[in-house]
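Read through the structure below, which is laid out as structure tokens, and then see the notes.
The values are calculated or read from the model by the stated rules, or taken from the named source; none is laboratory data. This is a predicted model, so every value here is computed, not measured. With ideal geometry, Cβ positions are generated from the backbone for all residues, glycine too; neighbour counts draw on all protein chains shown.
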Amino acid sequence: MSSQKQPDQKDILVVYHSSDAPMEKWQEWLSRLDPRIRLVALDDEASHQAEVMITWSPPYGAIAARPHLKGVISLAQGVDHLLDDPSLPRDIIIGRLIDPFMSESMAEWVMLAILKQHRDEAAYAAAVPRQEWISLEPRIPSDYTVSVMGIGAIGGHVAEKIAYFGFNVLGWSRTEKSIKGVTSLTGDEGFAHCLSQADYVVSVLPLTASTRDIYDASVFQQMKSGAYFINCGRGLQVMEDDLITALDNGHLSGACLDVFRQEPLPTGHPLWSHGKVTVWPHVSAQTSPITAAKQVLASILAIRDGKPPVNPVDISRGY
Ligand code: NDP
């Protein structure tokens, strides 16, 4: 609960809402940088006076209900949780995070998912209780192709790291990129090529009108037989029943998923217990105030002064 204390004249009021981290944690890290920052929760009357909101997934209408707001800062790299609010004022300024710590976390997570397969971790782990000293054929990274769908701030870093391990890396984006060790592909043709060539398809796409439901039966069918699917973009991009079918009929060898159509993944959902699926609870790249507070503060101050935030979002583009 918020303290509902009367704002001080010197305070910079900032509305806070996140289901992800307690307000006190952000208050502590922002206050260290600027003691004037005072976070107020949505149920605090003072929140209606604030000019800036920092948030992850605010309830629909919370932004529109605060006419003094000049801008909103997403406490995540994605902004779908803001843009899908039908009442979002179209002239509101939106900033997002681009945090090298998050890109690095995602690269670690994706490499973990790939290397567990590449190094036959499950087979070696299964041999331990049997006390069997087994030896499987080694795999050479350059014999394998990884397609990274979405090579922006996070995906670009992920793709570069995968290339560093010696895999062939294809990257798909709207516009052409130049990333060390990564072949940049665009458009429908590029999409089809990424799918058909990859032993691992890694998706780090933002959720937009053109990426919602993108991974359906026909797309899984276009993937190479035996391909492994890794999704850390957004769950609403995947038709989960189609994924399960592609796994059950043996076309895909497995999947590692951090994001789901419904989160938390409902109890009893078939993905929880699917033998070819590894489930993670949307933690592949978490926001940390320790690394992000500095840019969040800079964006708060910029928006207050009528300037663009550190990483402005083009609302019309949708990401
Ligand atoms: P960016 O906006 O920096 O990058 C997005 C990439 O996707 C760009 O390369 C963009 O191409 C490409 N893209 C977008 N739409 C299309 C399209 N229709 N066709 C082809 N390419 C497209 O985002 P980030 O890298 O910062 O983050 C990506 C997403 O990762 C976030 O939106 C979020 O959904 C997810 N995420 C998940 C987390 C987790 O914990 N699971 C944590 C953080 C982020 P172009 O560059 O040409 O515009």
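Filtering Ile140, Ile134, Ile151 for residues that are of a type in the set (A, V, I, L, M), touching a strand residue (DSSP E or B) at 6+ places or on another chain (Cβ under 8 Å) and either surrounded by 18 or more Cβ atoms within 10 Å (Cβ to Cβ) or free of Cβ contacts under 8 Å to residues at least 40 places away in the same chain (or both) leaves a single hit, Ile151. From the list Arg174, Arg212, which residue is closer than 21 Å to Gly78 by Cβ, near the ligand (Cβ under 8 Å from one of its atoms) and not aromatic (Phe, Trp, Tyr)? Every option except Arg174 fails the conditions.
Ser218 meets all of the listed conditions (1) more than 21 Å from Ser284 (Cβ to Cβ); (2) in a loop (DSSP other than H, G, I, E, B) but one, namely (2). In the range 226-319, counting only strands (runs of 3 or more DSSP E) that sit wholly within it, the ones holding 1 or more residues that are surrounded by fewer than 22 Cβ atoms within 10 Å (Cβ to Cβ) span 252-257, 277-279. For the range 275-319, a residue qualifies if it is aliphatic (A, V, I, L, M) and in contact with a Ser or Thr (Cβ under 7 Å, 6 or more places away or on another chain), and the qualifying residues are Ala285, Val310.
From the list His193, His157, the one residue that fits, being closer than 30 Å to Leu297 by Cβ, part of a helix (DSSP H, G or I) and at pLDDT 95 or above, is His157. Take the conditions more than 10 Å from the ligand (Cβ to nearest atom) and within 18 Å of Trp109 (Cβ to Cβ) and apply them to Val202. Does it pass? It is true that Val202 is more than 10 Å from the ligand (Cβ to nearest atom) and within 18 Å of Trp109 (Cβ to Cβ). Are any of the residues in the range 84-98 in the same structural domain as Gly152 (by TED's automatic domain parsing), at pLDDT 95 or above, farther than 21 Å from Leu301 by Cβ and in contact with a Pro (Cβ under 9 Å, 6 or more places away or on another chain)? No, that holds for no residue.
Exactly one residue out of Lys294, Lys276 is among the basic types (Lys, Arg), in contact with a helix residue (DSSP H, G or I) (Cβ under 7 Å, 6 or more places away or on another chain), farther than 21 Å from Val202 by Cα and away from the ligand (no atom under 16 Å from the Cβ): that is Lys294. Taken over the range 175-218, the criterion of being over 18 Å from Phe165 (Cα atoms) and crowded, with 21+ Cβ neighbours inside 10 Å is satisfied by Leu185, Cys194, Leu195, Ser203, Val204, Leu205, Pro206, Leu207, Tyr215. Restricting the range 140-154 to residues that are in a strand (DSSP E or B) and of a type in the set (S, T, N, Q), the residue that is nearest to Arg96 (Cα to Cα) is Ser147.
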